[in-house]
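Below is one structure, written out as structure tokens, with a few remarks after it.
The values are calculated or read from the model by the stated rules, or taken from the named source; none is laboratory data. Treat the numbers as computed from the prediction; the structure is a model and nothing was measured. All Cβ positions, glycine included, derive from the backbone under ideal geometry; neighbour counts span all protein chains shown. Surface areas here come from the heavy atoms of the whole protein model, side chains and all, with no ligands, DNA or RNA. Shrake-Rupley method; radii C 1.70, N 1.55, O 1.52, S 1.80 Å.
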Amino acid sequence: MTTQHEVDEAKIRQHIDKIAEGLQGKDLEGLKRLYATDIVSFDIQPPLQHVGIEAKLKNWAPVFTSFESVTYEVRDLALTVGDEVAFGHAFARLSGTLKNGTAANGMWVRVTYCLRKIDGTWLIVHDQVSVPLDVLSGTGVVDLEP
């Protein structure tokens, strides 16, 4: 017999998979449905935080204008799921072919997802994307692989 916890975890995994589907399909409206309207995102691109769904979508928009085709991979997703709140972490990589035909292999980043069940639907309320930092040089280390 499947427990509610197992059902919720499966729904969250499908939810995270929809990020890849939205990016690969260049579907901003599809991505919009994955996030809470008041999301706070600490993404890899400046500024330090993106507040609200419009700011989050504005951060994704350059992917669609720069890439002819997009691949988005999520690897090693680990989740902790409660009744109304869940969090998880994974590695992710955005890659593809740029509009000028150049292959972009991307880089692996670390992602943390925080979700809340709102009106019965799991939505991302916070995410954070980062790369390890070389403290001495002050630069991100972008050539690591999981």
Projected onto the charge dipole of the chain (unit charges on the beta-carbon of Lys, Arg, Asp and Glu, signs +1, +1, -1, -1), the Cα from 14, 106, 121 with the largest positive-side position is that of 106
So what's the angle, to the nearest 10 degrees on a 0 to 90 scale, between helix 4-24 and the longest Cα principal axis of the chain?
30 degrees
So which aspartates and glutamates pass the test for residue 26, namely a Cα distance under 18 Å, with those fewer than 8 places away in the same chain ruled out?
17, 54, 68, 73
Mind pulling the per residue volume of the convex hull built on the Cα atoms of the stretch 33-73? Å³ is fine.
88 Å³
Reported to two decimal places, what Rg/Rh ratio describes the chain when computed on Cα atoms with Rh from the Kirkwood expression?
0.98
Once phi is turned into θ = phi - 60°, what whole-Hz ³J(HN,Hα) does the Karplus curve with 6.51, -1.76 and 1.60 give for every residue of the stretch 87-97, x standing for Gly and Pro?
9, x, 9, 7, 10, 9, 9, 9, 9, x, 10
Quick one, what does Rg over Rh come out to for the stretch 60-133 if you take C-alpha atoms and the Kirkwood Rh?
1.08
For helix 53-66, report the angle its Cα long axis makes with the longest principal axis of the Cα atoms of the chain; keep it between 0 and 90° and round to the nearest 10°.
40 degrees
Contour excess over end-to-end distance, with Cα ends at residue 130 and residue 114 and 0.36 nm allotted per residue:
4.3 nm
Sparse-neighbourhood loop hits (GluC sites (Glu not before Pro), the stretch 49-133; DSSP loop; Cβ within 10 Å at most 11 others) -> 84
A 20 angstrom limit on the alpha carbon distance is what I want to check against. Which of 11/56; 58/117; 32/56 exceed it?
11/56; 58/117
At 1.4 Å probe size, with the rest of the protein present, what percent of the exposed accessible area of the chain is carbon and sulfur atoms?
55 percent
DSSP-assigned coil residues among trypsin sites (Lys or Arg not before Pro) in the stretch 45-113, each with at most 12 further Cβ atoms within 10 Å:
99
About the Cα centre, and with charges only on the beta carbon of Lys, Arg (+1) and Asp, Glu (-1), how big is the dipole of the chain? Nearest 20 debye, please.
300 debye
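Taking the solvent-accessible surface of protein heavy atoms with a 1.4 Å probe, what is the per residue accessible area of the stretch 43-85 in Å²?
That works out to 59 Å² per residue.
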Under 5 Å, built H, 5+ apart or other chain: amide partners of residue 36
124, 125
